[in-house]
Structure formats: C-alpha cells, structure tokens
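Peer 1: The structure is given below, and queries will be raised subsequently.
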Amino acid sequence: MNSDSKNKFILLFLVILFLTLFLFYITTNISEIMNVESILGDNNSNNKLKHWKKEIYEPVGNIPINVFIGDANNDGFNDIVSANFRGHNISILLWNQSSGNWKNHFELKTGWGPYSAVIGDANNDGYNDIVVSNWGSDDISILLWNHTSMDWDYELRREVESYPHSAVIGDVNDDGYNDIVTTNDYVDFISILLWNSTINDWDPQILIRVGDQPWNVFIGDANNDGYNDIIVPNLLDNSISLIIWNSTIREWNNMIEKEVGVLPYWVTLGDADNDGFNDIITANYITNDISIFLWHELAEDWAPEYRLAVMNNPKCVFIGDVDNDGFNDVIVSSFDNASIAIYLWNIENQEWNPPIMMYLAGMPQTIFIGDANNDGYNDIVLDNSHTSSVIIILWRDQAKSRQIIPGYELSIIIGVLWIISVVKIGRRIKKMRSSKFIL
C-alpha cells in the first residue's frame, strides 16, 4: 500500500470511527436528549413535568398515611419520616450523603395506629425530635434525640384526648418554647401540651373545643400580627377553626369559624399569593376545590373565601416553592385519582397558572415540600398507602440539565481530536503531492 492509499485509509477509518461512536452515543442517550430538549425549548405546562425527575418509590412500613421532611438525626441533612398506620410504627429514611440515597431504612415502634409524625425540637434542647400521634391508643409517642449517644431515647408516651389524628410541634403560646398540639377527631377537641421550662417537661394537656371532627392542625401566624395561632379544619362542619393568640392578655381569643367547602380534609398556612402575608387554604374533598383566604393588609382581615376548582376528591394541600423559582406555589393531592395538581405562581399575572397534573402509581394522601435529597432544591414527597411506600419526586437541577446529555464533554473532545487529525492528514497529503511524492 503506497503512502497516499495509507493516508486515505487512516482518514476513512477515523471518519467511520467517529460516526460510529457518535451514533452509538445518540441512540443510547436519546431519551435524555429528548427530555432536555423539552425542558429547554418548550414552555407548555405538560412539558414542565420534565423539570422533575421520575418518581422514586421507597418502601416503608405498613400503610403509611403521613410524611414529613426534616433533619431527624441531627446530622445536618434532611431525612424522611412516615407514620405507618397498620404497622404501629414510623419509618425513618436517613439521607446518606456519601452514597447520595436513603438506603438506611428502619422502623421505630410507636403507639397503636399512628396517624401523623412530625420532626422538630419538642423538648427545647436544640436538637430535633420526633412526635407521633397514636390514633388507636389515645396518646402521643415522643422520640427524643440523645446527643450523647447520637440516637433516640426510649419512646415517651403522653396521654391526650381520645383519637388524636394529627400532631404538630411549635410555639403555640408565643413564649419562645416549642409546644405540642394534637387534633382529636371524634371528640371535637384539640389537646395542647405546653412546655414548662422550669421543670423541663410538658404541663398537663389543655383542651379547647373546636368544630365537628377536626382533622389536621397547623401552627403559624394566621392573622399576620407576629404571633403564632392555631388553625384546624372541621371535617363534618365544613369549616375551619381559628384560635388566635392575644398577646395583651397572653391567652387565646374566642374561636373564629369560617365556612369552607364540603369535607375539608386539610388546612395549610403560608404566603400563597407571594405578597408577604400568610394566607389560609383548605382541601375540600366533596366539592372538588380548595378554599383560599387571602390576607387583606389594609383591612387587617381575610378577604372573602375564594374557591379554586381542582381535581376530584382532593385530600391535602401544601404551600411552598415547588418549582424553585423563589415564589410560593400550591400543590394538591388526590387519593382517589392517584394524582397531584401543581399550581405555579405567575409573578407577571399575579395569579396561579393552570395546573400541571402528575399521575402516580400509588394513592397519595399527604404532601410535603422540602429538600429531600439535600441538593439545595425543593422536592415533593408523598405517602403511598397502596403499596406501603413513600413517593419521592426530585427536582431536576436545571443548571445540570443545560449540559444537554451526560458526558457530553467527551463527545466534544472526540470531535476536536477528529478534526485535528483530519486537518493534519489533509495537510500531509497536500504536502506530499506538491513534493511529487504522490503520482
């Protein structure tokens, strides 16, 4: 083989090699390429689903009906906790920063029929604990973190009123110390366990009567006066109870009731319309809508109820920055439809965009928005009693998505090397021809 033929052969070989590698790379990554193209080039609401990764189903205990994101073991990383109603325990999914997953699963025993589990500093020692409402044993389980042993102490039990459905940790009497509140659904009370800093223990429960069959409970500044209040949805009264703290007399005012849709399964509090003031939203199971009470700054009161139609049979609603754009959104779950609806806030129009629907292989009841995988972005976590798992929907980091396809840098390097080789070989052939070495 003469030099001309040899050089042409090398050139042809490099061309075929590059095209083969390139085509192989494209075919093996076609789904990711199409996915990223839809992220970067299409503003259609359905394609906004591509902003989230495919859901992850992590197994937990038997019949989980509540989820919570928080730093359960006080290591600086968020974890996931579920209350498993028929397992009579909670599942803790600890985040492993080294492996980047929740492979450390385990259960902790609780009372009978746990209905909710929350993470927070229950005993005001600076470390997060776990509080569980035990619907079947009429008490709460308190799992205190022991910083010395780096583990939870043996379960504490505190008696509350019958059928505690939901529990929450927060400073309910605005004294600087966290307390515990439960709703007791069949007896129409809430139980308040105030923290006593003198004896370093909880005082006996205070009972406050609310509406018929209170479901969940939320502690927060409902009337935007700088003090925490208590909000409860009353399932059979089709109302919410507002228990407002009076900072002057250091006591709660008379309860306020507001009518909402039929069968309000859930109430949440947060700045829904991004105006700097907290608002109230309920999920109404029968009327297939959510009731929104926006705070009116000038009137120093709530605006009249605004109804927003959602999917059939909504069971939970959450306010939070779902799409990580710096503005709060609203997300609703439907147990019967196995779906969630995401209402993103449109800052230009000052209203919510049409819903983004996400259908799941499960039956979600409760929702939690938070940084589940500790990457700095909010994610979506739901319970899934249908298959005894939790559903984790991670946010896709858009900065990383703009790299187009995994390992695209390698294809660029190969392409550059190929171009350099072709140029060099072409010059060599031209030089040899001009020197009359090639006939």
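Peer 1: Which one of these does Phe335 not meet: (1) modelled with pLDDT of 95 or more; (2) under 26 Å from Asn184 (Cβ atoms)?
Peer 2: Answer for Phe335: the failing condition is (1).
Peer 1: Quick one: how many residues across the stretch 296-341 are in a loop (DSSP other than H, G, I, E, B) and at negative phi? Break it down stepwise before answering.
Peer 2: Our first condition is that a residue be in a loop (DSSP other than H, G, I, E, B); within the stretch 296-341, this holds for 297-300, 303-305, 310-313, 321-328, 335-338.
Next cut, at negative phi only: 297-299, 303-305, 310-312, 321-323, 325, 327-328, 335-337.
Going through the stretch 296-341 one residue at a time, the tally reaches 18.
Peer 1: Let me ask another. Among the residues of the stretch 283-295, write down those that are of a type in the set (Ser, Thr, Tyr) and in a strand (DSSP E or B). Break it down stepwise before answering.
Peer 2: Residues of the stretch 283-295 that are of a type in the set (Ser, Thr, Tyr), as a first pass: 285, 287, 291.
Ser291 - this is the single residue of the stretch 283-295 that is of a type in the set (Ser, Thr, Tyr) and in a strand (DSSP E or B).
Peer 1: Among the residues of the stretch 262-282, which ones are buried (at least 21 other Cβ atoms within 10 Å of the Cβ), out of contact with any Leu (no Cβ under 9 Å at 6 or more places or on another chain) and either outside any strand (DSSP E or B) or aliphatic (A, V, I, L, M) (or both)?
Peer 2: Val267
Peer 1: Which residues, counting only those in the stretch 192-225, are assigned to a loop (DSSP other than H, G, I, E, B) and either within 26 Å of the chain's Cα centre (by Cα) or crowded, with 22+ Cβ neighbours inside 10 Å (or both)? Spell out how you get there, then give the answer.
Peer 2: Of the residues in the stretch 192-225, the ones assigned to a loop (DSSP other than H, G, I, E, B) are 194, 197-200, 203-205, 210-213, 215-217, 221-225.
Hits for the stretch 192-225 are Val210, Trp215, Asn216, Val217, Asp221, Ala222, Asn223, Asn224.
Peer 1: Within the stretch 302-329, can you find the residues that are closer than 17 Å to Gly276 by Cβ and of a type in the set (A, V, I, L, M, F, W, C)?
Peer 2: Within the stretch 302-329, Trp302, Ala303, Ile319, Phe327 qualify.
Peer 1: Would you point out the residue of the stretch 156-186, among those that are among the hydrophobic types (A, V, I, L, M, F, W, C) and either open to solvent by less than 40 Å² (accessible area, probe 1.4 Å) or modelled with pLDDT under 95 (or both), that is farthest from Trp112 (Cα to Cα)?
Peer 2: Checking each candidate, the answer is Val172.
Peer 1: Another question, if that's okay. For the subset of the stretch 342-370 comprising residues that are open to solvent by less than 30 Å² (accessible area, probe 1.4 Å) and in a loop (DSSP other than H, G, I, E, B), which member is nearest to Trp395 (Cα to Cα)?
Peer 2: The qualifying residue nearest to Trp395 (Cα to Cα) is Leu344.
Peer 1: Let me ask another. Among the candidates Ser137, Ser162, Ser141, single out the residue that is in contact (Cβ under 8 Å) with a residue 24 or more places away in the chain, outside any strand (DSSP E or B) and over 27 Å from Glu251 (Cβ atoms).
Peer 2: Working: Ser162 fails: over 27 Å from Glu251 (Cβ atoms); Ser141 fails: outside any strand (DSSP E or B).
Testing whether each residue is in contact (Cβ under 8 Å) with a residue 24 or more places away in the chain, outside any strand (DSSP E or B) and over 27 Å from Glu251 (Cβ atoms) leaves just Ser137.
Peer 1: Only one of (1) among the hydroxyl-bearing types (Ser, Thr, Tyr); (2) open to solvent by less than 50 Å² (accessible area, probe 1.4 Å); (3) farther than 30 Å from Tyr57 by Cβ fails for Thr110. Which number is that?
Peer 2: Just one mismatch for Thr110, condition (3).
Peer 1: In the list Asn62, Asn124, Asn78, which residue meets the criterion of being at pLDDT 95 or above, under 19 Å from Asp379 (Cα atoms), out of contact with any helix residue (DSSP H, G or I) (no Cβ under 6 Å at 6 or more places or on another chain) and open to solvent by 40 Å² or more (accessible area, probe 1.4 Å)?
Peer 2: Step by step, each of Asn62, Asn124, Asn78 is checked, and only Asn78 is at pLDDT 95 or above, under 19 Å from Asp379 (Cα atoms), out of contact with any helix residue (DSSP H, G or I) (no Cβ under 6 Å at 6 or more places or on another chain) and open to solvent by 40 Å² or more (accessible area, probe 1.4 Å).
Peer 1: Scanning the stretch 287-306 for residues that are open to solvent by 40 Å² or more (accessible area, probe 1.4 Å) and either touching a Gly at 6+ places or on another chain (Cβ under 7 Å) or of a type in the set (Phe, Trp, Tyr) (or both), which turns out farthest from Gly226 (Cα to Cα)?
Peer 2: So, considering only residues that are open to solvent by 40 Å² or more (accessible area, probe 1.4 Å) and either touching a Gly at 6+ places or on another chain (Cβ under 7 Å) or of a type in the set (Phe, Trp, Tyr) (or both), the one farthest from Gly226 (Cα to Cα) is Thr287.
Peer 1: Still on this structure, I have one more. Looking at (1) touching a strand residue (DSSP E or B) at 6+ places or on another chain (Cβ under 8 Å); (2) under 26 Å from Ser191 (Cα atoms), which one does Gly226 not meet, given that it meets all the others?
Peer 2: (1)
Peer 1: How many residues does the stretch 298-313 hold that are more than 25 Å from the chain's Cα centre (by Cα), of a type in the set (D, E, K, R) and within 27 Å of Ile356 (Cβ to Cβ)?
Peer 2: Residues that pass the stated criteria total 1.
Peer 1: Next question. Has the stretch 46-57 got any residue that is under 17 Å from Asp129 (Cα atoms), part of a strand (DSSP E or B), modelled with pLDDT of 95 or more and open to solvent by less than 80 Å² (accessible area, probe 1.4 Å)?
Peer 2: We begin by selecting, within the stretch 46-57, every residue under 17 Å from Asp129 (Cα atoms); these are none.
No, the conditions are met nowhere in the stretch 46-57.
Peer 1: Sticking with this one: Does the stretch 320-327 contain at least one residue that is without any contact (Cβ under 8 Å) to a residue 40 or more places away in the chain and open to solvent by 50 Å² or more (accessible area, probe 1.4 Å)? First the steps, then the outcome.
Peer 2: Just the residues of the stretch 320-327 that are without any contact (Cβ under 8 Å) to a residue 40 or more places away in the chain, to begin with: 325-326.
If we keep only those that are open to solvent by 50 Å² or more (accessible area, probe 1.4 Å) too, we end up with 325-326.
Checking the stretch 320-327: at least one residue is without any contact (Cβ under 8 Å) to a residue 40 or more places away in the chain and open to solvent by 50 Å² or more (accessible area, probe 1.4 Å).
The values are calculated or read from the model by the stated rules, or taken from the named source; none is laboratory data. From a predicted model like this one, the values you see are computed outputs, not experimental measurements. Here the Cβ is made from the backbone with ideal geometry for all residues, glycine too, and neighbour counts use every protein chain on show. For accessibility, only protein heavy atoms count, side chains too; no ligands or nucleic acids. Shrake-Rupley method; radii C 1.70, N 1.55, O 1.52, S 1.80 Å.
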